[in-house]
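Report on the following structure.
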Amino acid sequence: MRTALVTGANQGIGYALVEELAKRMNPEDLVLLTGRNPERVAAAAARVEGKARVEGRVLDVTDGDAVARLAAELGAVDIVVANAVGPLEPGKSAQEQVDEFVDVANLGAQHVVRAFGPILRPGGRLIVVASSLGTLAQLPEELWDRFDGASLEDVEKVVEEWRTAVHDGTAQQQGWPEWINLPSKVAQVAGVRAVAAERRERDLAENTLVASVCPGLVDTRASRPWFDDFSQAKSPAEAVVPIADLILADGVDPDRYGELIRDGEVLPWKPPTPR
């Protein structure tokens, strides 16, 4: 029996991934669909069709103690996908939105990685849903060394310094992009790279994967306010197929370990060096 857990799974990519895993996993396996709202969690879990068992669990990833309690209750897991993301709306200032967005997307992912990484069974998968925006190319070069080669603690510290700079109005002066999604996504990927660097040798020996994934442009409620053209966008069900392929693959490609992966391909962390 395998146990999978997906955060932020009431709707969109998270829900589609729960459904895809439930279709592909076995009847004795368990997929936990988690979210903050009890009614929405129960309703979403009831809608899923698949072979594996699906249960809804209320989980607020911004509550580190709650995440740790769930990990302790489960004891061991095989698949963990940190997918929860906070709201981000055009027309609202960065100061108005940065706290909730960072608390969910960054601190939430860190809570999940810290709590569930140690109880991941050999052959397991620890995945953070990020974006192609989570590469160093999205930041000015003078900020790269804040994330490149950083520990998870270093990344957490930089995120808090950036958050403070957003609130006191000095973020752009320090070189941070105005759109808070960019530093947030880079920090997500940097955090995964930090954890992977510590675990790499043991994980590869045990066929365990730690990675971040980019689903691409997906037509969801969260993305619609930010893009005008969805002619090339995927549906959530389409977007999660390569993610499920990666999660359920028999073997782990060392070249993908710790990396940001989109449609099965590694997205470079650093821009190519000019010749």
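The values are calculated or read from the model by the stated rules, or taken from the named source; none is laboratory data. Every value quoted in this text rests on a predicted model; they were computed, and no experiment measured them. All Cβ positions, even for glycine, are placed from backbone atoms using ideal geometry, and neighbour counts span all protein chains on display.
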Query raised in the report: List the pairs whose first member sits in region 134-146 and is among the aromatic types (Phe, Trp, Tyr), whose second member is surrounded by 16 or more Cβ atoms within 10 Å (Cβ to Cβ), and whose Cβ atoms are under 8 Å apart, counting only residues at least 6 apart or on separate chains?
Result: Trp144/Leu136
**Report entry** Single condition Leu126 does not satisfy, out of (1) over 28 Å from Asn26 (Cα atoms); (2) in contact (Cβ under 8 Å) with a residue 60 or more places away in the chain; (3) surrounded by 20 or more Cβ atoms within 10 Å (Cβ to Cβ)
**Finding:** (1)
Report task. Could you please let me know if Arg24 is of a type in the set (Lys, Arg) and over 27 Å from Pro122 (Cα atoms)? Result -> no
Query raised in the report: Mind checking which pairs have a first residue in region 172-197 that is assigned to a loop (DSSP other than H, G, I, E, B) and a second that is of a type in the set (Val, Ile, Thr), Cβ under 8 Å, 6 or more apart or different chains?
Result: Trp176/Val166; Ile180/Val98; Ile180/Val102; Ile180/Val166
Requested in this report: Would you mind finding the one in Thr170, Thr135, Thr164 that is buried (at least 16 other Cβ atoms within 10 Å of the Cβ) and of a type in the set (Val, Ile, Thr)?
Outcome: Thr135
**Report entry** Ala205 vs. criteria in contact with a Ser or Thr (Cβ under 9 Å, 6 or more places away or on another chain), modelled with pLDDT of 95 or more, surrounded by fewer than 18 Cβ atoms within 10 Å (Cβ to Cβ) and of a type in the set (Gly, Ala, Ser)
**Finding:** no
Query - Residue check for Ser151: hydroxyl-bearing (Ser, Thr, Tyr), touching a Cys at 6+ places or on another chain (Cβ under 8 Å), surrounded by fewer than 18 Cβ atoms within 10 Å (Cβ to Cβ) and touching a residue at least 40 places away in the same chain (Cβ under 8 Å) - result: no
Report summary line: Pro87 meets each of (1) buried (at least 20 other Cβ atoms within 10 Å of the Cβ); (2) within 20 Å of the chain's Cα centre (by Cα); (3) not hydroxyl-bearing (Ser, Thr, Tyr) with one exception, condition (1)
Report summary line: Pairing a residue in region 1-29 that is touching a residue at least 60 places away in the same chain (Cβ under 8 Å) and among the aromatic types (Phe, Trp, Tyr) with any residue that is in a loop (DSSP other than H, G, I, E, B) and surrounded by fewer than 24 Cβ atoms within 10 Å (Cβ to Cβ), where Cβ atoms lie under 9 Å and the two sit 6 or more apart in sequence or on different chains, gives Tyr15/Val48
